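The values are calculated or read from the model by the stated rules, or taken from the named source; none is laboratory data. As the structure is a computational prediction, the values presented were derived from the model and not from experiment. Positions of Cβ are generated from backbone atoms using ideal geometry, with glycine treated the same way; all protein chains shown enter the neighbour counts. Just the protein is used for accessible areas: all its heavy atoms, side chains included, with ligands, DNA and RNA removed. Shrake-Rupley method; radii C 1.70, N 1.55, O 1.52, S 1.80 Å.
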Amino acid sequence: MKQTKEYSEKEKAIFKGIMDLLNQGYRIHEMKVADIAAAAGIGKGTVYEYFATKEEIIREAISYHVYQEYERLTALITEQPSLIATIVTIMDYLVDMLRTRFSSFLFMVLDLGQSDIKQLISEDSNLFTEIRSGVLEHIEQMYKKGKEENLIGENVAVKDFSLVVYGIIAAFTNEVIFLMDTRKDKNLKNSDDLLELKERAIKLILKALK
């Protein structure tokens with residue numbers, strides 16, 4: 001899938017500058033265009049050559065990063081040979097995102113007003129529609145793998161499969177967030193708690209699919 005909007009290198013630098021500021025503890029409402037320009041390594045006037053307002057910059061940054069996350073995950077899961085390998089890859093990806101990018105991305109979304117969110121969806125309706133279509137294709141491919149591996153019962157339809165996988169992975173994600181909030185070591189990578197959580201989630205998925 002090709003992104004519906006093409007961004008220049010300077011626009012990408014601006015989007016990265018926003019993420020860098022968020023990682024430094026800035027909130028969206030605290031940022032000034034001058035801050036974003038400095039973080040991007042360009043002049044304030046150059047920013048205004050591409051965007052009219054800070055709100056437009058944020059909306060475009062969200063659209064860009066949504067696409068980038070989708071492309072990264074797609075590249076990873078299309079390489080997986082089995083259903084379990086695909087599910088584990090998705091879980092690992094979500095953990096990595098939570099550890100390194102999610103908080104900044106979430107703050108960026110939450111700081112948008114309702115009207116800005118509606119405008120974002122309206123302006124990039126093709127992008128979000130294509131991503132949704134792509135996700136459904138991934139679900140169907142995962143379902144096909146599971147059927148071929150005899151991991152999915154005869155009476156389990158694609159919609160049932162999708163509900164099970166979405167639901168348990170969402171619960172897994174919430175548990176990971178809880179672990180990160182309650183542990184001094186936020187890394188979690190290869191921790192016993194995380195490994196045990198992944199095993200339980202996979203067992204629940206397989207049990208629900210029979």
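The table for this structure:
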read-out	value
Selection within segment 66-79 - open to solvent by 40 Å² or more (accessible area, probe 1.4 Å), part of a helix (DSSP H, G or I), of a type outside the set (A, V, I, L, M) and more than 18 Å from ILE14 (Cβ to Cβ)	GLU71, ARG72
Any chance SER63 is within 30 Å of SER133 (Cα to Cα), buried (at least 17 other Cβ atoms within 10 Å of the Cβ), in contact (Cβ under 8 Å) with a residue 12 or more places away in the chain and in contact with a helix residue (DSSP H, G or I) (Cβ under 9 Å, 6 or more places away or on another chain)	yes
Of residues in segment 1-33 being farther than 24 Å from TYR70 by Cα and assigned to a helix (DSSP H, G or I), the one nearest to the chain's Cα centre (by Cα)	HIS29
Segment 15-31, residues that are in contact (Cβ under 8 Å) with a residue 12 or more places away in the chain and of a type in the set (Gly, Ala, Ser)	GLY17
Some residue of segment 158-178 being at pLDDT 85 or above, among the basic types (Lys, Arg) and open to solvent by less than 50 Å² (accessible area, probe 1.4 Å)	no
Filtered residues of segment 80-94 (kept if open to solvent by 10 Å² or more (accessible area, probe 1.4 Å), closer than 11 Å to LYS198 by Cβ and among the hydrophobic types (A, V, I, L, M, F, W, C))	ILE84, VAL88, ILE90, LEU94
Count of residues meeting criterion [touching an Asp or Glu at 6+ places or on another chain (Cβ under 9 Å), over 12 Å from GLU60 (Cα atoms) and surrounded by 14 or more Cβ atoms within 10 Å (Cβ to Cβ)] in segment 5-35	5
Candidates ILE58, ILE36 - the one that is at pLDDT 85 or above and assigned to a helix (DSSP H, G or I)	ILE36
